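What follows is a short report on a single structure.
Rule-based calculations on the coordinates, nothing more; no lab input. Everything quoted here is computed from the prediction, not taken from an experiment. Cβ atoms come from the backbone with ideal geometry, glycine included; neighbour counts cover every protein chain shown.
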Amino acid sequence: MEKKVENYDVVIIGGGPSGLTAAIYCGRARLNTLLIEKSLVGGLATYTNEIENFPGFPEGVSGLGLMKLFEKQAKKFGVKFKLTDVRSVELEDEVKVVETFRTTYHAKTVIIAAGGRPRITRAKDEEKYLFDKGISFCATCDAAANTGKTVMVIGSGDAAIEEGMFLTKFAKEVIVSVIHDTGKMDCNEIARDAALANPKMTFKWNTMTESFAGDGHLDTVNLKNLKTGDIEGVKVDSCFEFIGYEPNTEVFEGKVNMSKRKYIYTDEHMSVGIPGVFACGDVREKELKQVATAVGDGAIAGVAAEKFIAETEMFENQIMQKDKIGLIYIYSAIDAPSRELLPMMQEIESVFNGQVKLNVIDQYKGKSLCDRLGCDIEPMTTFYTKDGKVMDVCGQCDKKSIMTRLNKLVAQPVEVVV
Amino acid sequence: MKEVTLDCLGEACPVPLVKAQKALEDLAIGDVLIVSIDHSCAMKNVPEWAREAGHNVEIEEVDDGEWEVVIEKAK
């Protein structure tokens, strides 16, 4: 089957908080924007029952509810949504290629907001019971199905303890497997104190999951005591794992720089180091992974994509114009000698009677435009172009050498007077 | 190539997933199963399971909070 090809200004991979925020910024900047999400729009935020630390919601808000609002706002700005998974990407060339099962998308910029997924324990026989057979990663999704039952929570971070407390509203008993010594948890102290005081919660300290067992559906979690080495089979109806996340970066491997744990490196502008490619949110190597920080990342990436596209257009259509012989003068607004040559450049342009087009670039403000001409350009550099190609570069900025160089390129040379 | 629609509207997890797994068993390679769901939790496990099993998956949002998970059986 021949794949369909569609063109976009921006393709955003991932529909969590950072991807949706980038989409809002790109859509509002009137860029033709596509967001690709592999399952539910909202990403990992939809796994959280209640978000109490996202500003603007003093009463708290459900993860799903908050993400619905993000999505609505992105749709308002004309962002298109496609619910499928990305099979491969080509990011190096000017036209970026993003492949899905049925369609090939061509884009000027790509924003990687692929986020993470819950990590699994990798204990024996875990894969037999994933999702519907007893092991879950989403209390919001599966709490009601556990009304009156006994459940286990693995982990002691904020997510484990807070979602565990939420589960106590439904389950008869919530048993928490904690890797640390008695009383020690990875979560914040408020959550810890509340959990210790919750009569429905019990704790198995110094334990790790050894294996899962059950006939068709999970019924036993075998915990190993790290101090004694003893293995205890705990009877449960289901098990919730909250032991952190791993990034969704498989399709980007070998294409962008990643940390050892496969998170994507970016600079402060969310650039991954390839022109026109940005990454934001939990997929990045960064300090704090929260909805609030994802939103900040997404805004930066969205604006960076917008700026990149505007600059590309300006560079191609204006700076590298093909109508006339081009004279490009690099100066710096904070460097007086280079600034003072500006009137002379304009004079030279007019002497050539419309044969020459002058463009000036302020290196101080337009560093990325300078980067496109070649790295490490000093102020007081001149470029000479013909048919959109650089023919000559020169650091001599006296009238005579500039005019001599232009005379080699124009159809009707003019007399050089100094 | 056959196309089968499975109506799971109004059904919560894990019912849509269990039904989808059963329905796909009866299909041949290249056949398409369309699962209609309106519980957002099923949007997490149904596509995830189908991709993990190696099938091709695309989702259409047919209405606000109502989706069709399109699964093409690949093996």
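The table for this structure:
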| quantity | calculated |
| --- | --- |
| For chain A, projected area of the alpha-carbon convex hull averaged over all directions, nm² | 27.0 |
| HN-Hα J in Hz across region B:56-62 - Karplus 6.51, -1.76, 1.60, θ = phi - 60°, x for Gly and Pro | 8, 10, 9, 10, 10, 8, 7 |
| 10 Å binning of all Cα-Cα separations within region A:186-303, expressed as whole percents from 0 upward | 11, 27, 23, 23, 15, 1 |
| Added length on full extension, which subtracts the Cα-Cα distance from 0.36 nm per residue, residue A:371 to residue A:144 | 76.1 nm |
| Cα-projected label distance for residue A:103 with residue A:412, points at 7 Å along beta-carbon direction, nm | 5.3 |
| Kirkwood hydrodynamic radius over Cα pairs of region A:126-241, then Stokes diffusion coefficient at 25 °C and 0.890 mPa s, in µm²/s | 176 |
| Cα Rg, Dmax (largest Cα-Cα span) when computed across region A:100-189, Å | 17.6, 55 |
| DSSP-defined antiparallel bridges as percent of all bridges, region A:126-241, nearest 5 | 40 |
| Amide H within-cut-off set for residue A:116, under 5 Å, with H built and near neighbours excluded | A:44, A:248 |
| Calculated SAXS-style log₁₀ I(q)/I(0) at q = 0.18, 0.20 Å⁻¹ - region A:271-408, Debye, Cα scatterers | -0.97, -1.14 |
| Rg followed by Dmax, in Å, when region B:3-72 is reduced to its Cα trace | 10.7, 32 |
| Of A:67, A:380, A:201, the one that fluctuates the most in a GNM where chain A has Cα springs shorter than 10 Å | A:380 |
| FRET efficiency estimate (nearest 0.05) - Cβ-Cβ, residue A:288 to residue A:339, R0 51 angstrom | 0.75 |
| Translational diffusion coefficient (Stokes-Einstein; Kirkwood radius from C-alpha pairs) of region A:360-410 at 37 °C, 0.692 mPa s, in µm²/s | 279 |
| Chain A - mean residue ellipticity at 222 nm from DSSP helices (-39,500 (n - 2.57) per run, n ≥ 4, rounded to 500) | -7500 deg cm²/dmol |
| Counting DSSP beta bridges with both ends in region A:321-409, the antiparallel % (nearest 5) | 60 |
| For residue A:156, residues with placed amide H under 5 Å, excluding near neighbours | A:186 |
| Among A:231, A:36, A:161, residue whose mean-square fluctuation peaks in a GNM of chain A (springs only between Cα atoms under 10 Å) | A:231 |
| Computed E for residue A:6/residue B:25 - FRET, C-beta separation, R0 25 angstrom, nearest 0.05 | 0.15 |
| Spread of Cα-to-Cα distances over 5 Å intervals beginning at zero, given as percent, for region A:1-147 | 2, 9, 16, 17, 17, 14, 11, 9, 4, 1, 0 |
| Label-to-label distance, nm, for residues given as residue A:184 and residue A:235 (7 Å Cα→Cβ offset) | 3.3 |
| Those residues of region A:337-374 whose amide nitrogen sits under 16 Å from the label point placed on residue A:386, 7 Å along Cα→Cβ | A:355-357 |
| Within 10 Å of each Cβ in A:27-39, the average number of Cβ atoms from other chains | 2 |
| Derived scalar couplings ³J(HN,Hα) [region A:293-304; Karplus, 6.51 cos²θ - 1.76 cosθ + 1.60; whole Hz; x for Gly, Pro] | 7, 4, 5, x, 4, x, 5, 5, 5, x, 5, 4 |
| Per-residue HN-Hα couplings for region A:55-71 [Karplus 6.51, -1.76, 1.60; θ = phi - 60°; Hz; x = Gly/Pro] | x, x, 10, x, 8, x, 8, 6, x, 5, x, 5, 5, 4, 5, 4, 5 |
| Of all DSSP beta bridges in region B:3-72, antiparallel share, percent nearest 5 | 70 |
| Cα→Cβ-extended label distance, 7 Å offset, between residue A:262 and residue A:122, nm | 1.0 |
| Under 5 Å, built H, 5+ apart or other chain: amide partners of residue A:381 | A:330 |
| Cysteines, chain B, no other Cys beta-carbon under 4.7 Å | B:8 |
| Trypsin sites (Lys or Arg not before Pro) within region A:356-414: DSSP coil, no more than 13 neighbouring Cβ in 10 Å | A:365 |
| Gained length - residue A:312 relative to residue A:208, 0.36 nm times residue gap less alpha-carbon distance | 32.1 nm |
